[in-house]
Amino acid sequence: MTWVRRGGLANLLFLLPLLCIFGVFSWGPIVESFIISLQHTNFIVTTWADPFWANFAFVLKDPTFGLAVRNTGYFALLALILGYPVPLVLAVVMSEVKRFKGLFSVLAYLPVVILPVVSVLLWKTEFYDAGASGVFNTILSWFHIPPQPWIQTAATAMPSLVIEATWAAAGGTIIIYLAALTNVPPELYDAAEVDGAGIWQKLWHVTLPQLRGIMLVTFILQIIGTAQVFLEPYLFTGGGPVQSTTTIMLLIFQYAFQSSDGGSNLGSATALSLMLAAFLAVFSAVYFRVTRSWSQN
Amino acid sequence: MSATPVISPEEVVLGQPSRVSARSLARSRRQKAKANKDAGLDRGIVSATEWKRTQIRFPLATAQLVLLILLVIVGLLPILWLMKAALTPTPDTLAEPLAIFPHGITWSNISQAFGVNIKIQDYFLNTIWVAAGAWFVQIVVATTGGFALSVLRPKYGKIVSAFVIATLFLPAIVLLIPLYLTILHPLVIGGSLLNTFWAVWLPSGASAFNVVLVMRFFDSLPREIFEAAQTDGAGPFRLFWSIVLPMSRPVIGVVTVFAVINAWKDFLWPNLVLPGGTDPASVQPLSVRLPAIQGTTEVGPYLASLAIATLIPVIMFLLFQRTFLSGGGFGGAVKG
């Protein structure tokens, strides 16, 4: 009774929603995912894997796995080359705008507001229409450029996905950089001018070092995000043509829910998702260890 | 890629507790900006003297103009094109996608989008249900849990907090399959949750980000208030309902923005647990339904449906620009 009187019961009652929801939908499934990765299961029959690493071995031996890793890496690399510098450059130019600054931000953010599914479907069915009367191909014809196949060929599919993904995401990153740019202390620019610095020198020696911390964060967030890219390959191409856009996430999904033998390989799907999570955890840990000294000014 | 007051992850986890609300912060920032402008302190890379020199001003103004034109093309034109296509007869859109109403305007695309075959209004209503329920579950879990861990502070609270924070950095993908199995065979409730809103609502509550956000806010509230209330005889329930909750409006606002935007945008999870069965119109949100009908719907009405699904958030955005732009940042950077 003293436990109740001291508020023990009330404490527990307030924690109850959190404990139930996290227990059933977070902690429980985490433990379960380790168990499933050691089992053969297809929603109906469940047996222990023998040897216990059989699911992991299956994934590593699957030729599609190597392809998926390469495709995901290719997507991440293209997204980095295209998507990392563009928002930074745009934000720096936008921060120097004197009038109608708000208009610039609103325009840049508009693509982010659109439902991602709608963006992909619009680009897929109309903009990337490979026929001569597709939207992009019509625009190209004004400049006498022949129609492009966009998502129809293995060589052009992945870059096409990256262009749409960058368009859809750049606005969010621009807003982050704009906020960081307003936080650069003006005294630093004044001081640089006293030392005779021009615009480029101020940009290089004041602005960029001041943005270093946030640039390091956006970099790792982009890597973690692109490593788990799913929406674009799933809706644009379903992994094709000839598996050229099958990413790791898509392979996990295919193992679990679209297995070619009609069954479903939950064990291998879970094994692969654990490997992806472990890779991202190690990568982030190493990244933060290596960059810790860089982010301090 | 998949938004919120500008709160960086490090700030949430490691940073200083903030005692001010997002709104008052934005207000003070605006006032400061105005004061700085008046005092000539509001400056960026280019100084006022440099801006007066033609060889600097001319290329810079040109760059800004080019940027504006570029942003109109990239940000606005695709949306305007979609609105135009919604009012264009299908053959015109297919033959000359960039011609502006070559054979006039049609309203039939719109009426078909609301008609028996597409029923976009039903799916829009489902989207609202999905968002409202997910919001409610997240608010209940985050506020009660945050209250217990940050204000009541039982002995075992530190362990619970550690377990919550541990899930903060976990990629959602690890949970996908075990979570799906949980929805198929929920332990206590019995019977599958597939094709019910609960399948989206309940898992959304397990957001470590929300709990950490609320805990950090409660930690920043002055403890003297709680002690004074307890001295006056308020029990934990009274303290929660009459003191802490009314003070939590700013953080509840942040969680709300996150919850609604995530519920609105999410595709992978609802697509998996709301396959629709015999009556997709009763459960599926827009994000799940629009891809499903892509192959079977005529282009004109289909683009009208996409346009309707786009117009709603765009209008919300234009009305609440400041909330989006001060908070939208991180949601946009983290693509899931």
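Derivation of every value follows stated rules applied to the coordinates shown; laboratory data play no part. These numbers come from a predicted model, not from an experiment. Note that we place each Cβ from the backbone using ideal geometry, even for glycine, and neighbour counts take in every protein chain shown.
Numerical summary
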item	result
Of A:Q148, A:Q39, A:Q254, the one that fluctuates the most in a GNM where chain A has Cα springs shorter than 10 Å	A:Q148
Most mobile listed residue (A:A192, A:A54, A:A227) in chain A, GNM with C-alpha springs under 10 Å	A:A192
Vicinal HN-Hα couplings computed from phi for the range A:222-230 (Karplus, 6.51 cos²θ - 1.76 cosθ + 1.60; Hz; Gly/Pro x)	5, 4, 4, x, 5, 5, 10, 5, 9
Per-residue average of Cβ from other chains inside 10 Å of B:52-62	1
Which of A:W294, A:V59, B:I312, positive extreme of dipole for the protein assembly as shown (C-beta unit charges)	A:W294
Kirkwood-type radius of the protein assembly as shown, with distances r between different C-alpha atoms, in Å	26.6 Å
For A:R292, B:R216, order by how many other beta-carbon atoms lie within 10 Å, fewest first	A:R292, B:R216
Ranking of B:Y156, A:Y234, A:Y74 by count of other Cβ atoms within 10 Å, fewest first	B:Y156, A:Y74, A:Y234
For A:H40, A:H205, A:H144, order by how many other beta-carbon atoms lie within 10 Å, fewest first	A:H144, A:H205, A:H40
In the range A:245-292, chymotrypsin sites (Phe, Trp or Tyr not before Pro) in a DSSP loop with at most 12 other beta-carbon atoms within 10 Å	none
Whole-Hz couplings from phi, Karplus 6.51/-1.76/1.60, listed for the range A:43-49; x for Gly and Pro	6, 10, 9, 10, 10, 6, 6
Under 5 Å, built H, 5+ apart or other chain: amide partners of A:Q39	A:A49
Table column - 3J(HN,Hα) (Hz), the range B:108-115, Karplus curve with 6.51, -1.76, 1.60, x for Gly and Pro	5, 4, 5, 5, 5, 4, 8, x
Extreme residue, positive dipole direction of chain A, given options A:L121, A:Q258, A:A108 (C-beta unit charges)	A:A108
Cα pair distances of chain A binned at 5 Å [whole percent]	1, 5, 8, 11, 12, 12, 12, 11, 9, 8, 5, 3, 2, 1, 0, 0, 0, 0
Estimated distance in nm for a label pair at B:Q230 and A:E193, the labels positioned 7 Å out from Cα along Cα-to-Cβ	5.5 nm
Average beta-carbon neighbours from other chains, 10 Å sphere, peptide B:143-149	5
Computed helical MRE - 222 nm, chain A, DSSP H runs ≥ 4 contributing -39500 (n - 2.57), nearest 500	-20500 deg cm²/dmol
Rounded FRET efficiency, nearest 0.05, which uses the C-beta distance separating A:F283 from A:W53 and R0 of 25 Å	0.65
Simple spin-label estimate for B:L187 and A:R212 in nanometres, 7 Å along Cα-Cβ	4.8 nm
Amide H contacts under 5 Å for B:D266, placed H, 5+ residues apart	none
Cα centroid separation - the range B:235-275 against the range A:118-172, whole Å	37 Å
Distance between the range B:106-134 and the range A:32-66 - C-alpha centres, whole angstrom	41 Å
